[in-house]
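As structure tokens, the structure follows; a few thoughts come after it.
The values are calculated or read from the model by the stated rules, or taken from the named source; none is laboratory data. None of the values given here were measured: they were computed from a predicted structure. Every residue, glycine as well, gets a Cβ built from its backbone with ideal geometry; the counts of neighbours run over all protein chains shown. Accessible surface is based on the protein model in full, side chains and every heavy atom, while ligands, DNA and RNA are left aside. Shrake-Rupley method; radii C 1.70, N 1.55, O 1.52, S 1.80 Å.
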Amino acid sequence: MSLIYVHVFGCRSSLCEGEYIAGELLSLGHEVTEELSPEINAAVIVTCSVTSEADRKCRQLVRRVRKILGNNGVLAVCGCWSQGLDSQSAKAEGVDILAGSRGKSLVPSSVDKMMKEGRNFIDIRSSLSQWEELPIASTVMHSRAFVKIQDGCDHFCTYCVIPFLRGRPFSRPPENIIAEIERLISSGTKEIIFTGIHLGIYGREIGTSLAELVRKVSDIDGLTRLRLGSLEPFCLDDDLIDALAGSESFCHHIHLPLQSGDDEILKAMRRGYTSEEFVKVCEKARERIADDIHISSDILVGFPGEDDSAFSRTLDTMKAAGIARAHVFPYSPREGTLAAKMSGQVPKSVKISRTSEAISLGRKLFADYAKIFVGKKTEVLIERDNKGYTRHYIEASCQGNDNEIVNAEVINFDGIKFECMRRD
């Protein structure tokens, strides 16, 4: 039995793809690990290219893994960063199997074959003009199940390379999604997370919608928890809000990327909404889904043209929208995007300072939100080592078995996670 290291960079769609690869490798008779050690015989790295820092981390890990594997171990890469590589560059990095945003379905069998027959570079990237089915029967790397329902994006925000690396939007057939959820529930999965590159436009090209899908899957017997990945604010329309409000399995957490609270910056980003519209969407979600819904967000600091006033408006919008948790990133130019050529590039020192300030505000907002649950009852889905998440997607420590939903009381919040006491 061979030991294969699987590492996933990036978004929840990448996590889903990593689950598929790990499951297929297990079915081929291999052992899978997330621990990088000298004992591994091969490795698969699911890469990310959302920022230049993501590129750097991918390249760094590829080189480190190649060194550990030596001349005999097989190294496969797939995902967004590898989609942008040319074959010669991949060979130079010691890559044996090069897949991209498509071609992941071929990775497990290619690794298995090469381990038996010897190393020989192959490029198995396939066309971005088609959907690639990556069905998951049971979870390997997580107790929660990430179910990919959509891929691709045609929004073309001016700072983002992902539409070029993932291709145009594709939606997975609803019957395939439902069948996968039923298989996962039968295997013991209690929480399903829908993932996609532009999740909110699911169904647009096949005559359905995310709202309709939520209604369909909410009726599946045994579905205890349903979550959504990141949604663009303009996709959280009345129909989707009504569907989420009417679903007993939907967990009260929504991730809505704000990016900036300044309307001129949002326009330059091509985000498709104003700061006022963002705030109104958040207010509507609280009014019609739940007043304690957890709204998290992404904030992109230091976009070209962002002055002190624009940044200040971002902080004000974070507060006005009631964002509970903020993931803050400094803007970095991406070759091939419009923003990289824009005037008004913000100095690195200013971006660092503003990033720190936005992170500080985000921590305060999160603490203010989390403290409303202290002393109250909650449910914790234990993932491993007595740690898991509440329905509002707040990390919690609580006594319980892996993959068990525990009735608990929130005793304390330490700034990061809840301390909970089991209340059977």
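For a protection proxy built on the mean count of beta-carbon atoms within 10 angstrom, sort 291-301, 58-68, 75-85 highest first, please.
Answer by packing, highest mean first, reads 75-85, 291-301, 58-68.
Two-decimal Rg/Rh of the stretch 376-424 from alpha-carbon positions, Kirkwood Rh?
0.90
Report, to the nearest whole %, how much of the accessible area of the stretch 302-424 belongs to carbon and sulfur atoms, 1.4 Å probe, protein only.
Of the solvent-accessible surface of the stretch 302-424, carbon and sulfur hold 49 percent.
Most fluctuating residue of ILE124, ILE193, ILE372 in a GNM of the chain with Cα springs under 10 Å: which is it?
Largest GNM mean-square fluctuation: ILE372.
Under the rule of at least 5 residues apart or a separate chain, name every residue whose amide H is placed under 5 Å from the amide H of GLY305.
Result for GLY305 returns GLN345, VAL346.
Can you tell me how much longer the chain between ILE352 and ARG384 gets when fully stretched, taken as 0.36 nm per residue apart minus their C-alpha distance, in nm with one decimal?
Difference between extended and current length: 8.0 nm.
Any idea what % of Cα-Cα pairs in the stretch 237-311 are farther than 20 Å?
Result for the distance tail: 38 percent.
Can you tell me the FRET efficiency between HIS155 and PHE121 if r is taken as the Cβ-Cβ distance and R0 is 35 Å, rounded to the nearest 0.05?
Step by step, r from the Cβ atoms, then E = 0.50.
Would you mind calculating the gained length between GLN399 and ASP238 on full extension (0.36 nm times residue separation, minus the Cα-Cα distance), in nm to one decimal?
54.1 nm is the gain from fully extending GLN399 to ASP238.
For the stretch 268-411, what is the accessible area per residue in Å², given a 1.4 Å probe and the full set of protein chains?
Heavy-atom SASA per residue in the stretch 268-411 reads 48 Å².
5 Å is the cut-off here: which amide hydrogens, built 1.01 Å from N in the peptide plane, fall below it relative to SER49, excluding neighbours closer than 5 in sequence?
CYS80, TRP81
Along the stretch 286-296, what does the Karplus equation 6.51 cos²θ - 1.76 cosθ + 1.60 (θ = phi - 60°) give for ³J(HN,Hα), rounded to whole Hz, x for Gly and Pro?
Using θ = phi - 60°, the values come out as 5, 5, 10, 9, 6, 6, 9, 4, 8, 10, 9 Hz.
With θ taken as phi - 60° and the coefficients 6.51, -1.76 and 1.60, list the Karplus ³J(HN,Hα) couplings across the stretch 42-55 in order, rounded to whole Hz; mark glycine and proline as x.
Computed from phi, the couplings for the stretch 42-55 are 7, 8, 10, 10, 8, 9, 9, 9, 5, 9, 5, 5, 4, 4 Hz.
So how long is each side of the chain along the principal axes, counting just the alpha-carbon atoms, biggest first, in Å?
Result for the chain: principal-axis Cα extents of 60, 59, 45 Å.
Give the accessible area for LEU361 in Å² (nearest 10); use a 1.4 Å probe, count only protein heavy atoms, and leave out ligands, DNA and RNA.
Solvent-accessible area, nearest 10 Å²: 30 Å².
What part of the accessible area of the stretch 1-68, given as a whole %, is carbon or sulfur when the probe is 1.4 angstrom?
Summing carbon and sulfur atoms, their accessible area is 49 percent of the total for the stretch 1-68.
Hey, can you grab everything whose amide H is under 5 Å from the amide H of TYR202? Only 5+ residues off in sequence or another chain; H modelled, so Pro and N-termini drop out.
LEU210
Rolling a 1.4 angstrom probe over the protein heavy atoms, how many square angstrom per residue are accessible across the stretch 61-138?
Roughly 44 Å² per residue, with all protein chains present.
Kindly provide the helix-only [θ] at 222 nm of the chain, computed as the sum of -39,500 (n - 2.57) over DSSP H runs of four or more divided by all residues, to the nearest 500 deg cm²/dmol?
Helix contribution divided over all residues of the chain: -10500 deg cm²/dmol.
Among the lysines, which have Cα under 25 Å from the Cα of LYS190 when same-chain residues fewer than 8 positions away are ignored?
By straight Cα distance, LYS190 reaches LYS148, LYS216, LYS376, LYS377, LYS387, LYS417.
Using 7 Å Cα-to-Cβ label points, what is the LYS91/GLU133 separation (nm, one decimal)?
3.5 nm
Over the stretch 1-101, with a single point scatterer placed on each C-alpha, what log10 of the ratio I(q)/I(0) does the Debye formula yield at q = 0.12, 0.13, 0.18, 0.23 1/Å?
Taking Cα atoms of the stretch 1-101 as identical point scatterers yields -0.34, -0.40, -0.79, -1.28.
Starting from the Cα of THR208, move 7 Å in the Cα-to-Cβ direction to define the label point; list residues of the stretch 227-261 whose amide nitrogen is under 20 Å from there.
Answer for the stretch 227-261: 227-232, 235-251.
Please give the Cα centre distance for the stretch 58-89 versus the stretch 164-180, rounded to the nearest Å.
27 Å
What are the ³J(HN,Hα) values, in whole Hz, obtained from phi via the Karplus relation 6.51 cos²θ - 1.76 cosθ + 1.60 with θ = phi - 60°, for each residue of the stretch 338-345 in sequence order, with x given for Gly and Pro?
For the stretch 338-345, the Karplus curve yields 5, 5, 5, 9, 6, 6, x, 4 Hz.
When the dipole is taken about the Cα centre of the stretch 80-155, and only Lys, Arg (+1) and Asp, Glu (-1) are charged at their Cβ, what size is it in debye, to the nearest 20?
220 debye
Tell me which lysines have Cα within less than 20 Å of LYS113's Cα, excluding those fewer than 8 residues away on the same chain?
Leaving aside lysines fewer than 8 places away in the same chain, those within reach of LYS113 are LYS91, LYS104.
Once the whole set of protein chains is in place, how much accessible area is left on GLU287, using a 1.4 Å probe, in Å² to the nearest 10?
Per-residue accessible area (GLU287): approximately 140 Å².
Which distance in Å, rounded to a whole number, links the C-alpha centroids of the stretch 272-351 and the stretch 376-394?
Here the answer is 28 Å between Cα centres.
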